[in-house]
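Participant: The structure that follows is given in the form of structure tokens.
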Amino acid sequence: MAAHHHHLRAFVSRSRTWARHAGRAAVALPLCLALMAAPLAQAKPGVPGAGDLPPDAVGKNLDGDTILLSQYAGRAVVLTFWATWCGYCLKELPVLENIQNLVGPERLQVIAVNTEARDVFRKAKRALKDFKLQMIYDPDKQAQQAFGVQGIPHMLIIGRDGRIIRLYRGYSESSLDAIAADINAALAAPQTKAAGAGEASSQP
């Protein structure tokens, strides 16, 4: 396990340099600075935060199927909200894709929730068709409301026990080491059958 943690940290370190070239959206808003807040965010009242069980429904795929965290019970989950106009988000997605590939999708699932209209999401998904992470969108904004998304980037790291390890809002590349540490903590969390399903879970 220690060796695995070392490899994950080393990968994230290498990804810093690679990620600078990964996003082709240099004309987008620079790193979403207008939406920056504290890198480690405290959840507002009524919004799930560290230690909480998150809402189950996180968005839909293009077929209209609702995607539930409970579908990934027993795995660590990185849930990130993103948009095509967010330059940092476009740099982050390939990094998260490679972290999932490194750890293995049977242990870690990345779910990337696009916050834009269906047509925008469809084009973005087509452009990223080779990605193995779960790419969905939030057509009715219910997931964004449930998770308290006020701006992006916005990420939650969820342990194998289904509880939130950390909430990140408005972070940048300087948070990569902390994110790697939290992913390791999520992977180390004890597995439970209730992983990913909060008390107010939605059913498909």
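Participant: Could you list, in sequence order, all residues of segment 123-176 that are of a type in the set (D, E, K, R) and in a strand (DSSP E or B)?
Facilitator: ARG166, ARG169
Participant: Would you pick out the residues in segment 84-94 that are surrounded by 21 or more Cβ atoms within 10 Å (Cβ to Cβ) and of a type outside the set (Lys, Arg)?
Facilitator: Selection gives CYS86, TYR88, CYS89, LEU90, GLU92, LEU93.
Participant: If we scan segment 153-166, do we find a residue that is over 21 Å from LYS60 (Cα atoms), small (Gly, Ala, Ser) and in contact with a helix residue (DSSP H, G or I) (Cβ under 7 Å, 6 or more places away or on another chain)?
Facilitator: yes
Participant: For a quick check of your reading of the model, give me the residue pairs whose first member lies in segment 174-189 and is in contact (Cβ under 8 Å) with a residue 40 or more places away in the chain, whose second is open to solvent by less than 20 Å² (accessible area, probe 1.4 Å) and in a helix (DSSP H, G or I), with beta-carbon atoms closer than 6 Å and at least 6 apart or on different chains.
Facilitator: Matching pairs, first to second residue: LEU176/VAL12; ALA180/LEU8; ALA180/VAL12.
Participant: Among the listed residues ALA180, ALA200, ALA188, identify the single one that is modelled with pLDDT of 85 or more and open to solvent by 40 Å² or more (accessible area, probe 1.4 Å).
Facilitator: Of ALA180, ALA200, ALA188, the one residue that is modelled with pLDDT of 85 or more and open to solvent by 40 Å² or more (accessible area, probe 1.4 Å) is ALA188.
Participant: Another question, if that's okay. Taking LEU93 as meeting all but one of (1) touching a residue at least 40 places away in the same chain (Cβ under 8 Å); (2) assigned to a helix (DSSP H, G or I); (3) more than 16 Å from the chain's Cα centre (by Cα), write down the number of the exception.
Facilitator: For LEU93, the failing item is (3).
Participant: Out of the residues in segment 123-147 that are under 14 Å from the mean Cα position of the chain (by Cα) and open to solvent by less than 40 Å² (accessible area, probe 1.4 Å), state the one that is farthest from VAL58 (Cα to Cα).
Facilitator: Among those that are under 14 Å from the mean Cα position of the chain (by Cα) and open to solvent by less than 40 Å² (accessible area, probe 1.4 Å), it is LEU133.
Participant: Identify the residue in segment 105-122 that is open to solvent by 10 Å² or more (accessible area, probe 1.4 Å), outside any helix (DSSP H, G or I) and not hydrophobic (A, V, I, L, M, F, W, C) and, among all such residues, is farthest from MET155 (Cα to Cα).
Facilitator: GLU106
The values are calculated or read from the model by the stated rules, or taken from the named source; none is laboratory data. None of these values were measured; they are calculated from a predicted model. Cβ: placed from backbone, ideal geometry, glycine included. Neighbour counts: every protein chain shown. Keep in mind that these areas ignore ligands, DNA and RNA; they rest on the heavy atoms of the full protein, side chains included. Shrake-Rupley method; radii C 1.70, N 1.55, O 1.52, S 1.80 Å.
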